[in-house]
Amino acid sequence: MSSVYLQFIFNLFSLEEDEVPVLEDRSTFDAGIEDTPHSSDENETVVLEISAASETPGTSSGASTRKVRSKSKLSGTSWKVADSEVSSSHDYLGQDPIFNDDLRQPFQYVCDFLDDDIMDTIVAQSNLYAIQKNPNKPLNVDRNELEQWLGLSIYFSISKLPNIRMHWSTQLGPLREVAADVMSRNRWEEIKSKFHMVDNSILDSNPRGNRDKLFKVRPLVDKLRSKFQQIPMTQNLCVDEQLAPFKGDSSFKQYIPSKPHKYGYKFMVLADSQGMTYDFMPYTGKIDPVDDQNVPDLGASANSVLHLAQVIPTDCNHLLFFDNWFTSVPLMQHLSTRGIWCCGTVRVPRLPGIKNSKDAEKALMKKGRGSYEELRSTGEGCEVTYVKWYDTKIVNIVSTFAKANPISKVSRYDRKLKCRIDVNCPDIILQYNKSMGGVDLADCLISLYRITIRSKKYYHGTTLVMLKIIYRMGREKFDNEVHGGNDV
């Protein structure tokens, strides 16, 4: 019976790809090094001297060896004017996703994520929590009833009403029976109030300083991450942050004014260009280094990429994309040793030896829209290409596999001419725009089924966020089975 109600809430949807933005003509960079002449001959090499001071802060006496080693890489970085090589071709050596002939329903994929172990844990801990609160009022929920409760929670994300209680209102007419036939309103609210995944007595026995902020949802987080990591990956991957709306009281709730929803939980997500999620990491206020002495400590932003990259197969020629909050040269050099090739926009202060000169940017802009410059650095056995391109503004981007050539044409609207014109665009920009939007696409699909259940308990909000991710993954895996993995 519960599977019928779960299956009822799933419906197909499709989403058109977003149009990607882009950048042209080449000259030499103003490297920002005093008394270093620039030649008009593009084949002449300009070696840039790197001072001991870099963008990465200095190490303290208690700094780890990994952090010292990672910073020492910057001292050997030198740049030269790039030649006319084209982007490197890396044949994918991994296993492509296999789509079975037997078509499964979306709710069956959801059950793969919410397996027997996690469901039994929730049932046992919810009943225990009810007894701890009031021994005279046991909850007595079972697996079947819990599945019905979760099914209704997802259904409320599709049939949206101003108040959850309105789903049982007699004014809905026949629509009232959808919720009323599954369970009563009071029973649904009782299960919601007693919903639990861990024993609170374990938390009370730990010192406050050693407490895990995700203690009450840790079993679900760990279980879902292990499930996502089992999904076969495609070649092009991306890492980006995702903000799940939440305005309740929580110590790791984030405020990001540039986001559509300014308050919520922040996740670091690894996904492909089609929005399929392979791993995620909740942000609780601190990002520690990877628990592996072979992985350097590169700072919070780069460490978040290194955490997610742990699940990427080595030496399969995966292409990984990220934005300027994550990008750094040591990060790209380390990942290249594992056969993971990177591309990302970059903040110029993170490029040792490159000066962020306003005069250089103005000189590039005078050459016209679509002009670009290119430099290349070879160090640590890895070649890094830096391209500065002018579209509506200056864009800085680096990569260990993509280069400026071949140059393509993209259509842009010119305000002065009041018509569309063709603008030169380096290949590195086209590849970045093609593969970087996977996490944003996943976020868009999740937002279509926003669960509006309100609660003062932070772990309710976190659980519902996970439930939305599961539901969206079930929908996407079903669509991939239907269409054989092709875009629709």
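The values are calculated or read from the model by the stated rules, or taken from the named source; none is laboratory data. Model, not experiment: these values are computed from the prediction. As a convention, Cβ positions derive from the backbone with ideal geometry for all residues, glycine included, and neighbour counts pool all protein chains shown. Areas reflect the complete protein model, heavy atoms only, side chains present, ligands, DNA and RNA absent. Shrake-Rupley method; radii C 1.70, N 1.55, O 1.52, S 1.80 Å.
Side notes on the structure shown:
- Residue pairs whose Cβ atoms lie under 9 Å apart, separated by 6 or more positions or on different chains, with the first residue in the range 167-185 and basic (Lys, Arg) and the second surrounded by 17 or more Cβ atoms within 10 Å (Cβ to Cβ), are Arg176/His167; Arg176/Trp168; Arg185/Ile164; Arg185/His167; Arg185/Trp168; Arg185/Ala179.
- In the set Ser84, Ser72, Ser78, only one residue is closer than 30 Å to Leu351 by Cα, open to solvent by 60 Å² or more (accessible area, probe 1.4 Å), part of a loop (DSSP other than H, G, I, E, B) and at pLDDT below 80; that residue is Ser84.
- Within the range 162-181, the set of residues being out of contact with any Phe, Trp or Tyr (no Cβ under 9 Å at 6 or more places or on another chain) and either assigned to a helix (DSSP H, G or I) or open to solvent by 40 Å² or more (accessible area, probe 1.4 Å) (or both) comprises Pro162, Asn163, Arg165, Met166, Thr170, Gln171, Leu172, Gly173, Pro174, Leu175, Glu177.
- Given (1) open to solvent by less than 60 Å² (accessible area, probe 1.4 Å); (2) modelled with pLDDT of 85 or more; (3) not small (Gly, Ala, Ser), index of the condition Gln230 fails: (1)
- Any chance Lys416 is in a loop (DSSP other than H, G, I, E, B), of a type in the set (D, E, K, R) and buried (at least 21 other Cβ atoms within 10 Å of the Cβ): no
- Note on the range 294-334: residues that are within 21 Å of Tyr432 (Cβ to Cβ) and charged (D, E, K, R) total 1.
- Subset of the range 195-227 that is at pLDDT 85 or above and assigned to a loop (DSSP other than H, G, I, E, B) - its residue that is farthest from Val110 (Cα to Cα): Asp199
- For the range 356-392, the set of residues classified as buried (at least 16 other Cβ atoms within 10 Å of the Cβ), in a loop (DSSP other than H, G, I, E, B) and at negative phi consists of Arg369, Ser371, Asp391, listed by residue number.
Yes or no, residue by residue, for (1) part of a loop (DSSP other than H, G, I, E, B); (2) open to solvent by 10 Å² or more (accessible area, probe 1.4 Å); (3) among the aromatic types (Phe, Trp, Tyr):
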site: Met268; (1), (2), (3): no, no, no
site: Gly275; (1), (2), (3): yes, no, no
site: Asn303; (1), (2), (3): no, no, no
site: Cys316; (1), (2), (3): yes, yes, no
site: Phe321; (1), (2), (3): no, no, yes
site: Leu335; (1), (2), (3): no, no, no
site: Trp341; (1), (2), (3): no, yes, yes
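- Helices (runs of 4 or more DSSP H) fully within the range 90-158 that include at least 2 residues being acidic (Asp, Glu) and surrounded by 13 or more Cβ atoms within 10 Å (Cβ to Cβ): 143-158.
- Check on Ser184, among the small types (Gly, Ala, Ser) and either open to solvent by 60 Å² or more (accessible area, probe 1.4 Å) or modelled with pLDDT of 90 or more (or both): yes
- Matching residues in the range 437-465 - criterion: being open to solvent by less than 20 Å² (accessible area, probe 1.4 Å) and either at pLDDT 75 or above or farther than 15 Å from Tyr155 by Cα (or both): Gly438, Val439, Ala442, Leu445, Ile446, Tyr459, His460, Gly461, Thr462, Thr463
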